[in-house]
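Some notes on the structure that comes next.
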Amino acid sequence: MKTPSFTLSFTIQRSRLVAIHHWFEKHAATLVLFLLTTFSTLGFIFYYLNGLGLAYNDARSHLDIGRRVVEGLKPGLAQLGSVWLPLPHILMAPTVWNDFMWHSGLAGAIQSMASFVATALLIYAFLRKLGIGMLGRLLAVAVFTANLNILYLQSTAMTELLLTATMLAGVYQLLVWFTEERIQNLISAGLWIMLSSLVRYEGWFLLFFASLLVIFYTWRKKGYKVTEGTYILFATLAGLGIALWLLWNALIFKDPFYFSFGPYSARAQQEQLEQAGVLATKGDLFLSLKIYLLALVYNSYAFNAFLGLLGAILFWTDKKLKTGVKVVSLLLLAPLLFNILALYLGHSVLFIQGVSGNTWFNVRYGAMMVPSIAIFMGYLVHRLKDLRWVLIGLFAFVTFFALANGDAVTIDDARVGSSQKNVSEISGYLNSHAKDEKGFILISAASHDAIIFSSGLPMKRFIHEGTGAYWESATTSPDRWARWIVARTHDDNDLTWKAVSKVPTFFEAYTLVAKYPFADVYELNPEFFGNLIKEPVLGKLK
């Protein structure tokens, strides 16, 4: 028989544990925020110091677009261009004017870092809304944040993390709306989905997918009239970003679909790949599925992908979960469905070394499913109570060796894949020969943005497609405007070469002074220096 003193002691200990649990439950999100912010900052510093933060050519291109908005021969919002969606570059504008923020990549990385922290907190909040215990929530956060591919991408000026944050925020707000039916959550969902549609085109697919689910769920519960009003409210805000992008293309480029069918579009690039015979996934659904699933596995690690699949199956077969919760959680599959469809239609390209092509290319697309895998793993650990510590132990084992071995396919893609082309020789040549000399450099930003960034020269030294009258004048009379020309010789896909090679005096006026695998450098012959314009003279002419 228990003594009164023992019972009292047990009751006191239990009450203390309950108090600690309540305190931790109340402050866990704040602690996670602090730890993740520290972790994110250290990650950026690490990749900045070892030079990998700018390994992706696309990261340098994103930074250049942001910089051209605030500095160059023709700065302004028109420099946002027509292909890449504008939100990442608009977010850079307040900081990218600073040379350190530009050349360190921090102007772009800072939004990836904030998105990294936000996505982890959204994973935590998503599972808490589902009633998942603390252990499952923290494991899910660890699955996302301890992934080396995610840690690397959050340290770069790439757009994947900003996309995952805005998409998951939209899905979370829809989850709250589906469960509580508060109209403010539907409005918030529309806002976040609208923002995602201005980051990458996956956000457009999410809008379409979410619209179907909103219509289906509302019609099923409340009928046609309520569905009509609800959908108009949601779609008006959620679709605003797409409408503005179409209007932007119509006003600036005289074609609302210029981003899709113009000479710089992904479609135009894919046509070149198709002609070269390397767009293997187009029209092949099985190969498209295989390629993206491999990218998913490489980015999330096979063990996590398997547990995520198992968790998803248990989630959607759980009879205790409300139908609305299951319906809205289908949106977690949006990146998967979008990428498979894009590969099948030939609107995207993704190379897995040894499977499709002899190198890596765009394999980072698989990282966009990591938040979904983390959520389903958190649910799995909560559901399988008898196996939870075994699963957590195996996850810790796999993660330790992945981190210890530097197992990150995104870094391989950035360093040695097709996403990275070695432009250091060309940019180094320009830096050493043009830095202390006057004169403009004629170059196609569409083909050689990474060279512009890596040269370390001010943006106002370059004449490119976005410089209006400077470009028009320099491509018709290069010897009046360009001291140096960077182009791929005999390649009409390079717009600079395509233009200047047709100028009768080009071969007489210029000498090939440096030839590299990625591009060549031409310099104006000294006898033509007399008529060369070396300073901006066109002002704000278009």
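Please treat every number below as a calculation from the coordinates, not as lab data. If you're wondering where the values come from, they're calculated on a predicted model, not measured in any experiment. Here the Cβ positions follow ideal geometry from the backbone for every residue, glycine too, while neighbour counts run over all protein chains shown.
Compute the acute angle (0 to 90°) between the alpha-carbon long axis of helix 266-275 and the principal axis of greatest extent of the alpha-carbon atoms of the chain; round to the nearest 10°. The angle comes out at about 70 degrees.
Note on Gln275 and Ala404: the model spin-label points, each 7 Å out from Cα along the C-beta direction, lie 5.1 nm apart.
Working note: Karplus 6.51/-1.76/1.60 with θ = phi - 60° gives region 317-331 the couplings 9, 6, 6, 7, 7, 5, 4, x, 5, 5, 5, 5, 6, 4, 5 Hz, where Gly and Pro are set to x.
Label separation (Glu71 vs Arg415): 3.0 nm, computed from points 7 Å beyond Cα along the C-beta direction. Estimated purely from DSSP H runs of n ≥ 4, each contributing -39500 (n - 2.57), the mean residue ellipticity at 222 nm for the chain is -20500 deg cm²/dmol once divided by its residues.
Taking R0 as 56 Å, what FRET efficiency do you get between Phe100 and Lys225 from their Cβ-Cβ distance, rounded to the nearest 0.05? Efficiency computed from Cβ-Cβ geometry: 0.50. When the Cα positions of Gln270, Ala305, Ala250 are compared along the charge dipole of region 248-330, Ala305 comes out farthest toward the positive end, with charges on each C-beta of Lys, Arg, Asp and Glu. Spin-label model, Leu321/Val390: points 7 Å from Cα along the beta carbon direction are separated by 2.3 nm. Pair-distance distribution of region 424-531: all C-alpha pairs, bin width 10 Å, starting at 0; shares per bin in whole percent are 16, 55, 29, 0. Between amide H atoms placed 1.01 Å from N, distances below 5 Å from Asp520 occur with Ala487, Arg488, Thr489, all of them 5 or more places distant or on a separate chain. Note on the chain: antiparallel DSSP beta bridges, both residues inside, total approximately 65 percent of the bridges counted. Between Lys129 and Leu285, the FRET efficiency estimated from the beta carbon spacing at R0 = 51 angstrom works out to 0.90. Between Lys435 and Ile187, residue separation times 0.36 nm minus the direct Cα-Cα distance comes to 84.1 nm.
Put in order of Cβ neighbour count within 10 Å, fewest first, the listed residues Ser82, Ser260 become Ser260, Ser82.
By the count of neighbouring beta-carbon atoms within 10 Å, fewest first, Thr37, Thr227 end up ordered Thr37, Thr227. Once you reduce region 144-218 and region 444-493 to the center of their Cα atoms, the two points are 38 Å from each other.
The distance separating the Cα centre of region 278-297 from that of region 83-138 comes to 28 Å.
Relative protection proxy for 531-538, 344-351, 237-244, from highest mean packing down: 344-351, 237-244, 531-538 (other beta-carbon atoms within 10 angstrom).
This ranking places Trp360, Trp204, Trp484 by how few other beta-carbon atoms lie within 10 Å of each, fewest first, which gives Trp204, Trp484, Trp360.
Which FRET efficiency value, to the nearest 0.05, do you get for Ile252 and Lys534 by plugging their Cβ-Cβ distance into 1/(1 + (r/R0)^6) with R0 = 25 Å? So the FRET efficiency works out to roughly 0.25. Charge tally for Asp436 (other residues, Cβ to Cβ under 14 Å; Lys, Arg +1; Asp, Glu -1): +4.
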